[in-house]
Structure formats: structure tokens, C-alpha cells
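Novice: The structure under discussion is supplied below as C-alpha cells; questions concerning it will follow.
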Amino acid sequence: MEARANADRHRQRQQKLKEQVDTRVAAATEKKGILIVFTGNGKGKSTAAFGTATRAVGHGKTVGVAQFIKGQWDNGEYNALHPLGVEFHIMGTGFTWETQSREADIQAATAIWQESKRMLADPGYDLVVLDELTYMLAYHYLDTGEVIAAVENRPAQQSVIVTGRGCHAQLLALADTVSEMRPVKHAFDSGIQAQEGIDW
């Protein structure tokens, strides 16, 4: 008797939940590309972006990628996605503390931004990933107004993903979806080396 009562209560709860979800699904009638921001101090921002890019490719979508703050080291995302037709533009200078040249960093960022602007203006791209873009704005390597305008004025059905810590407030306000990664533990803090296939 008690088992049947528990089962009935469970069904009632699940039915109520189903009705709530169905109502939300029915209310979502607008169809357009979205701006997603993965930010915060935790690990996983680029990983989330490239997981979404992989999903898009799996559905036959056209994806373009601009990677700011990436070096010449082996790149697992490129290795997996470029053979599947994903276009990559990689800054290639590495971290700013390695180059130690603001002028060189600005030149490299500007070159990648020109490719980014081209992709953002092209309706042939279903998804554009701007990996680590937030640093380019924080360091004033790129003009914030120009970046905001390019993202805001992109083709209506194009989605964009921006990653990086300390995302600019204007990008956060413009975004449709924002996820903040929060650090709890990180292997590197315990002296464990970054690993191929896990960290890059």
C-alpha cells in the first residue's frame, strides 16, 4: 500500500514537472542565433565552447573559430575539428607573459580579429567561436565598441560563443546565455603538470 502511494506521489510530481517544462517549451517561439559567454575563473570555458562546436558540426553546421592567446603548441581542438571542415584562425603568439611585447600582441590580435569580423559578417557561418576574446578587450588590444558592434550586427541566425575570464560588462549584457565557471580544485595547483588531451 505504501509503495503504491509513493509511486502515485512520484507520478504526480513528475506530471507537474512535465507540465511546467511543456509550458516553457511552448512559450519559446523565437528562432534566432544566440550569443553564449563562458566566463569565470574556473577551468572548462574553452572546453565547453568546443563541445558546442563539435555538436554543431555533428548536425552539419558550418563553424568558424578564432583562438586568441594560443601558442604554437599542439592543439587538440584543431586536430579534431579542422579535418571536419571547421575553419581556424589561431593567434599563435602564446600567453602575453611569454611575448612580453604589447605591440606584437596587438598586431597579432588585430590580424585574428579581422578574420573574426569577416566570419561574423558572413551568413554562411552557423557558429563562430571567439576563444579567449575577453582578454583582448581587458588588455585593450581590440576596440570594445567595434567588437560589440560586430557581434550585435551579425546575421540573425548565426550563433557566437565568447570565452575567457573577466568578460566585459557590455558583452555580458548582450549575451543570451552566460555560464560562469567557478574554481573548486585544480590539479595544477597541486603541482600536477598540464596534460595532452586533457588540458590542451
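The values are calculated or read from the model by the stated rules, or taken from the named source; none is laboratory data. Just so we're clear, the structure is a prediction, and the values are computed from it rather than from any experiment. Glycine gets a Cβ as well: all are built from the backbone with ideal geometry, and neighbour counts include every protein chain shown. What goes into the accessible areas is simple: the full protein's heavy atoms, side chains included, and nothing from ligands, DNA or RNA. Shrake-Rupley method; radii C 1.70, N 1.55, O 1.52, S 1.80 Å.
Novice: Hey, which of the helices (runs of 4 or more DSSP H) in the range 1-84, taking only ones fully inside, have at least 1 residues that are in contact (Cβ under 8 Å) with a residue 40 or more places away in the chain?
Specialist: Passing ranges, in order: 45-58, 76-81.
Novice: Taking the condition of being surrounded by 14 or more Cβ atoms within 10 Å (Cβ to Cβ) and either in contact (Cβ under 8 Å) with a residue 40 or more places away in the chain or of a type in the set (Val, Ile, Thr) (or both), how many residues in the range 141-178 meet it?
Specialist: Number of matching residues: 20.
Novice: I need a count of the residues in the range 28-50 that are within 17 Å of GLY85 (Cα to Cα) and open to solvent by 40 Å² or more (accessible area, probe 1.4 Å).
Specialist: 0
Novice: Considering only the range 52-76, state which residues are surrounded by 13 or more Cβ atoms within 10 Å (Cβ to Cβ), within 15 Å of the chain's Cα centre (by Cα) and closer than 17 Å to VAL160 by Cα.
Specialist: Correct list: THR52, ALA53, THR54, ALA56, VAL57, VAL63, GLY64, VAL65, ALA66, GLN67, PHE68.
Novice: Is it the case, given these coordinates, that ALA108 is modelled with pLDDT under 95, over 20 Å from THR39 (Cα atoms), open to solvent by less than 30 Å² (accessible area, probe 1.4 Å) and not charged (D, E, K, R)?
Specialist: Yes; evaluated as a whole, the condition is true for this residue.
Novice: Does any residue of the range 113-126 turn out to be of a type in the set (Lys, Arg), surrounded by 15 or more Cβ atoms within 10 Å (Cβ to Cβ) and in contact (Cβ under 8 Å) with a residue 40 or more places away in the chain?
Specialist: Looking for residues that are of a type in the set (Lys, Arg), surrounded by 15 or more Cβ atoms within 10 Å (Cβ to Cβ) and in contact (Cβ under 8 Å) with a residue 40 or more places away in the chain, one finds none in the range 113-126, hence no.
Novice: Determine which member of the set GLU30, GLU77 is among the acidic types (Asp, Glu), modelled with pLDDT of 90 or more and closer than 24 Å to ALA121 by Cβ.
Specialist: Among GLU30, GLU77, only GLU77 is among the acidic types (Asp, Glu), modelled with pLDDT of 90 or more and closer than 24 Å to ALA121 by Cβ.
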